[in-house]
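Handing you this structure, nothing more for now.
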């Protein structure tokens, strides 16, 4: 049996009230139902999802932290600095997590 990809999440401080970080995170989780993904504290994660409500991206990344599959950074309407329609942002984020999960399974 394939071990699940360990995914951690870090949130920004929430100064942009137009981006509901909790709703966004729940939408990502909904897209990952049935996938080989386990959500863990960021300190234990192999991939860390950074959820920042704006492009300032103030979410901290502790020095020395080096997750095996890196970071996925949502900052406003971008994913890893690529502009994406907000309507597709959760789906595209979940697709990236699924890709990392498949990579781990190989």
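Bear in mind that the values in this text are calculations on the coordinates, not laboratory data. In this text, all values refer to a predicted model and were calculated from it rather than measured experimentally.
Would you please classify the overall shape of the stretch 5-105 from the alpha carbon gyration tensor, given that a ≥ b ≥ c denote the square roots of the eigenvalues, rounded means a/c under 1.5, and beyond that prolate means a/b larger than b/c while oblate covers the rest? Intermediate results must be reported in sequence, preceding the final value.
On the way: a/c = 1.72, a/b = 1.22, b/c = 1.41.
In terms of gyration-tensor shape, oblate.
Have a look at the DSSP beta bridges in the chain and tell me what percent are antiparallel, nearest 5.
Values: 4 of 17 bridges.
If we restrict to bridges inside the chain, about 25 percent are antiparallel.
Which of 63, 35, 96 moves most in a GNM of the chain, Cα contacts under 10 Å?
Result for the chain, Cα springs under 10 Å: 63 fluctuates most.
Between residue 81 and residue 27, what length comes free when the chain is fully extended (0.36 nm per residue of separation minus the Cα-Cα distance, one decimal in nm)? Let's see the in-between values first.
Numbers: separation 54, 0.36 × 54 = 19.44 nm, distance 1.99 nm.
Extending this stretch completely gives an extra 17.4 nm.
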